[in-house]
1. Mind listing whichever residues of the stretch B:10-31 are away from ligand 2 (no atom under 14 Å from the Cβ) and closer than 16 Å to B:E219 by Cα?
2. Does B:A138 satisfy the condition of being surrounded by fewer than 22 Cβ atoms within 10 Å (Cβ to Cβ), assigned to a helix (DSSP H, G or I) and within 12 Å of chain A (Cβ to nearest Cβ)?
3. Tell me, yes or no, whether the stretch B:176-198 has at least one residue that is closer than 17 Å to B:F238 by Cβ and assigned to a helix (DSSP H, G or I).
4. With respect to A:Q149, is the statement that it is touching a Gly at 6+ places or on another chain (Cβ under 8 Å), under 17 Å from B:P93 (Cα atoms) and not hydrophobic (A, V, I, L, M, F, W, C) true?
5. What do you reckon, is B:R234 open to solvent by less than 60 Å² (accessible area, probe 1.4 Å), basic (K, R) and in contact with a strand residue (DSSP E or B) (Cβ under 8 Å, 6 or more places away or on another chain)?
6. Of the residues that sit in the stretch B:98-107 and are facing chain A (nearest Cβ under 7 Å) and not basic (K, R), which one is surrounded by the fewest Cβ atoms within 10 Å (Cβ to Cβ)?
7. Output the strands (runs of 3 or more DSSP E) that fall wholly within the stretch B:11-97 and possess 2 or more residues being more than 14 Å from chain A (Cβ to nearest Cβ) and either open to solvent by less than 30 Å² (accessible area, probe 1.4 Å) or within 28 Å of A:V145 (Cα to Cα) (or both), or say none.
8. Going by what's in this entry, would A:L104 be described as within 12 Å of the chain's Cα centre (by Cα) and either basic (K, R) or modelled with pLDDT of 95 or more (or both)?
Amino acid sequence: MSRWDRFLDTFFNLKVMAKYLPDILSGVVLTIELALAVVITGLLAGLILALIRSVGIRPINWLIIFVVDVFRSLPPLVVIVLVYFGLPSAGFAPSAFVSTWMSLALVLMAFAEEIFWAGITSTPKGQWEASRSTGLSFSQTLLSVILPQALRLTIAPLTNRTIAITKGTALGTVVALHEILGMASSAVSNSYNPSPLMMGAAAYIVLFLPVVVAARWIESRFAWKR
Amino acid sequence: MPPIVSAKAIHKHFGTLHVLKGVDLDVAERELVFVIGPSGSGKSTLLRCLNRLEEPTSGSIVVDSIDMLSPRTDINHARQRIGMVFQSFNLYPHMTALGNVTLALRKVAGKSRAEADVLGRAALERVGLADRAHHRPAELSGGQQQRVAIARSIALEPRVMLFDEPTSALDPELVGSVLAVMRSLRESGMTMIVVSHEMGFARAAADRVVFMDHGLIVEQGPPAQIFESPGQERTRTFIGQIQRH
Ligand SMILES: Nc1ncnc2c1ncn2[C@@H]1O[C@H](COP(=O)(O)OP(=O)(O)OP(=O)(O)O)[C@@H](O)[C@H]1O
Ligand SMILES: [Mg+2]
């Protein structure tokens, strides 16, 4: 066996790959489900917190800032471990999927809230005044005038952060979640061959590259001239 | 006839700063009141108190028989009757000119999109910008933007219009187009309160000039009297300063 053959046999072993392809695919499906759940709930929760914060009720805002800062400081892995191994002693035992989802959604919520909030506060005061002076209410102004402008400012940082946190679905392996990485590494230990990991890596690229490209497209679409 | 705007004993504090120190201002229907005064004298704050963008510390404000400071007043409804035009236009950058004009028609006046579009186009027509309905603010000149802002207000058929230095942010060659729109508004019988440095406009169009200094109305009267023979030393000094520019 030449060195090159040995390399192929080790990392791109077709027999091993064929055998574990179904496992990897089921990992892909689970990862997609998890990623969608995290993105939708995390962004929505972050947006709702930012909107509540803009109402400006002091004690509520302090609470929001506290929660957001906690989840921005904790490594996502630590959150997952705490939820999965810690919550059961509080009488609530979420599955591996729910633990990973909750944890990543909370982390995404925290970062998204800060990004939405920055967008809302950087919209000029005159926009509020013009809208309110024509009789729009606080919430009408927030939703029709301020938020569209704020969202445009937030798209770039928000997509970056969302992609980074969604890739954290791989952290679910620590709680034995059968997502791509979990499936790939158990296939590696069963086959004594790292080829499944290469499949896993390829699966991540296939999954996330379109998202990255779509993010670019959204950014360019929302870039109206000021 | 009772005044359409009646502000009595308006005080406004910003923390320890006493910005309005008991201003009384009555404006009759169809009157154009022109407000002048040094920077920081409280002109903008007074205008902003009239539609309650700023909450007066004390005093009373009645506009078109509505007690603006009563907690029972629906302030959003009342604000439809008081148009406001800002120095910096404050158009919504994510909407077209027509979108800017129709937003409050739909959300506040409860018009359908079709009705709002008709009224919005009519308002743009009045400021001479019917052909710019589908342009975004960034595609319009400063003068055009300010005229769209005026259209946004008049589309709601307000009883009073407040102008806070509407031409101060404009290049000199664009000032005329905005003043022309303001003059035609005046000819249509609109009640207007205008804070501005455009003394030529004041002479030509104002019924009354009000001079403010340090949070008080120092002197008021017809333009000729205030500009030619002011009774107060402070007024004379101020008029002298702006005429030298
Ligand atoms: N939101 C605010 N908070 C604190 N101080 C304020 C606020 N708005 C205005 N002021 C102060 O109130 C005073 C009056 O301001 P105002 O804007 O009414 O003056 P003005 O006569 O319109 O001046 P200018 O000609 O420069 O526009 C100024 O000293 C200003 O700094
Ligand atoms: Mg001012």
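The values are calculated or read from the model by the stated rules, or taken from the named source; none is laboratory data. On a predicted model such as this, the values are computed, not experimentally measured, just so you know. FYI the Cβ positions are ideal-geometry reconstructions off the backbone, even for glycines, and counts take in every protein chain you see. These area figures cover heavy atoms from the full protein model, side chains too; ligands, DNA and RNA do not enter into them. Shrake-Rupley method; radii C 1.70, N 1.55, O 1.52, S 1.80 Å.
1. Of everything in the stretch B:10-31, those that are away from ligand 2 (no atom under 14 Å from the Cβ) and closer than 16 Å to B:E219 by Cα turn out to be B:K21, B:G22, B:V23, B:D24, B:L25, B:D26, B:V27.
2. Yes.
3. no
4. Against the criterion (touching a Gly at 6+ places or on another chain (Cβ under 8 Å), under 17 Å from B:P93 (Cα atoms) and not hydrophobic (A, V, I, L, M, F, W, C)), A:Q149 qualifies.
5. no
6. If we take residues in the stretch B:98-107 being facing chain A (nearest Cβ under 7 Å) and not basic (K, R), then B:L103 is surrounded by the fewest Cβ atoms within 10 Å (Cβ to Cβ).
7. Because the criterion is at least 2 residues that are more than 14 Å from chain A (Cβ to nearest Cβ) and either open to solvent by less than 30 Å² (accessible area, probe 1.4 Å) or within 28 Å of A:V145 (Cα to Cα) (or both), the strands (runs of 3 or more DSSP E) in the stretch B:11-97 that meet it are B:17-27, B:32-36.
8. Judged against the criteria, A:L104 is a match.
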